[in-house]
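Q: The structure under discussion is supplied below as structure tokens; questions concerning it will follow.
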């Protein structure tokens with residue numbers, strides 16, 4: 001019990017700056033060529049404006065596998081992170097450099113952001129949120145398996161590199177992500193990864209997943225070869241914070257359905273919370289879906 005309280009207290013007091021130091025130590029310990037890490041690159045603990053996220057009514061995090069190599073294009077590696085030349089190759093960051101690094105991440109969506117994020121944005125819009133700071137809540141994107149960019153896509157990385165390399169990258173990367181979740185304390189985590197990651201997202205928790213979406217139509221209105229399914233559950237962070245986990249199927253890109261279907265999914269997250277209240281046989285609240293989510297999670 002004492003150790004549990006100590007662990008919770010540690011998570012509560014860890015600052016984002018302390019977390020950067022921890023991630024950078026991991027980055028410095030990795031031999032880039034052996035572990036297939038993109039060069040030049042730097043760890044990406046999140047994409048988006050952390051200050052706006054903290055001030056958001058609803059704290060929403062999206063999660064991918066790891067940063068794609070095209071965040072640091074071969075012909076212009078610093079196109080999205082102009083400070084890359086300042087940080088690449090450093091084993092540690094001083095206090096000023098840490099703030100510069102965080103500032104670089106904060107300004108990501110105000111620069112030349114990766115079009116890949118357009119796959120998540122409509123889902124966020126359905127919850128009155130955005131990566132771009134133009135709605136009531138500002139979301140952050142994180143990487144569930146590793147903050148390090150690999151030279152090949154994650155699927156190719158799994159086939160190309162030996163199991164001990166993959167295990168070390170994923171074990172350390174996922175542990176770092178769980179630590180980050182305790183700092184961010186999101187109300188909602190939205191992701192679209194493989195089935196095995198859905199089952200192990202919070203490691204030891206036996207989560208009771210519920211299917212909330214079964215999309216049978218493709219973007220042209222015809223029948224899909226296989227329905228697109230979305231699952232939800234309530235998870236608990238190590239710090240004790242409850243959060244809604246939203247898990248979509250993994251295709252070529254996350255949430256490979258129409259924009260309208262993505263927005264509708266965002267709306268459905270609100271209605272799901274109304275259903276939780278009904279299942280408890282409590283009076284149906286007249287609050288907006290946003291307020292219902294906040295009451296349910298806190």
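The values are calculated or read from the model by the stated rules, or taken from the named source; none is laboratory data. For clarity, every value in this text was computed on a predicted model and none was experimentally measured. Cβ placement follows ideal geometry from the backbone for every residue including glycine, while neighbour counts extend to all protein chains displayed.
Q: Would a scan of the stretch 143-156 turn up a residue that is free of Cβ contacts under 8 Å to residues at least 40 places away in the same chain and part of a strand (DSSP E or B)?
A: no
Q: Look at the stretch 46-67 and say how many of its residues are touching a helix residue (DSSP H, G or I) at 6+ places or on another chain (Cβ under 9 Å), more than 15 Å from residue 170 (Cα to Cα) and part of a loop (DSSP other than H, G, I, E, B).
A: 6
Q: Among the residues of the stretch 186-206, which ones are touching a strand residue (DSSP E or B) at 6+ places or on another chain (Cβ under 9 Å), surrounded by fewer than 18 Cβ atoms within 10 Å (Cβ to Cβ) and part of a loop (DSSP other than H, G, I, E, B)?
A: 194, 205
Q: Just give me the residues in the stretch 126-142 being touching a residue at least 24 places away in the same chain (Cβ under 8 Å) and either closer than 17 Å to residue 54 by Cα or touching a strand residue (DSSP E or B) at 6+ places or on another chain (Cβ under 6 Å) (or both), in sequence order.
A: 127, 128, 129, 131, 133, 136, 137, 138, 139, 140, 141, 142, listed by residue number.
Q: With the condition kept exactly as written, say whether any residue in the stretch 69-79 is closer than 17 Å to residue 189 by Cβ and surrounded by 20 or more Cβ atoms within 10 Å (Cβ to Cβ).
A: No, the stretch 69-79 has no match at all.
Q: Quick check on residue 293: is it at pLDDT below 85, surrounded by fewer than 18 Cβ atoms within 10 Å (Cβ to Cβ) and either over 17 Å from the mean Cα position of the chain (by Cα) or more than 29 Å from residue 14 (Cβ to Cβ) (or both)?
A: no
Q: Can you find a residue in the stretch 211-221 that is crowded, with 18+ Cβ neighbours inside 10 Å, modelled with pLDDT under 90 and part of a loop (DSSP other than H, G, I, E, B)?
A: Within the stretch 211-221, not a single residue is crowded, with 18+ Cβ neighbours inside 10 Å, modelled with pLDDT under 90 and part of a loop (DSSP other than H, G, I, E, B).
Q: Mind checking which pairs have a first residue in the stretch 218-230 that is within 20 Å of residue 194 (Cα to Cα) and a second that is at pLDDT below 80 and surrounded by 10 or more Cβ atoms within 10 Å (Cβ to Cβ), Cβ under 7 Å, 6 or more apart or different chains?
A: none
Q: On to the next question. Give me the residue from the stretch 103-115 that is over 23 Å from residue 32 (Cβ atoms) and under 18 Å from the mean Cα position of the chain (by Cα) and, out of that set, surrounded by the most Cβ atoms within 10 Å (Cβ to Cβ).
A: Going through the qualifying residues, I end up with 109.
Q: For the stretch 27-45, which positions are buried (at least 19 other Cβ atoms within 10 Å of the Cβ), touching a helix residue (DSSP H, G or I) at 6+ places or on another chain (Cβ under 8 Å) and over 17 Å from residue 100 (Cα atoms)?
A: 36, 38
Q: Can you tell me which residue among 165, 123, 170 is touching a residue at least 40 places away in the same chain (Cβ under 8 Å) and under 15 Å from residue 37 (Cα atoms)?
A: Exactly one of 165, 123, 170 is touching a residue at least 40 places away in the same chain (Cβ under 8 Å) and under 15 Å from residue 37 (Cα atoms), namely 165.
Q: Kindly indicate whether residue 176 is touching a strand residue (DSSP E or B) at 6+ places or on another chain (Cβ under 6 Å) and under 24 Å from residue 108 (Cβ atoms).
A: Considered against the rule, which asks whether it is touching a strand residue (DSSP E or B) at 6+ places or on another chain (Cβ under 6 Å) and under 24 Å from residue 108 (Cβ atoms), residue 176 comes out as no.
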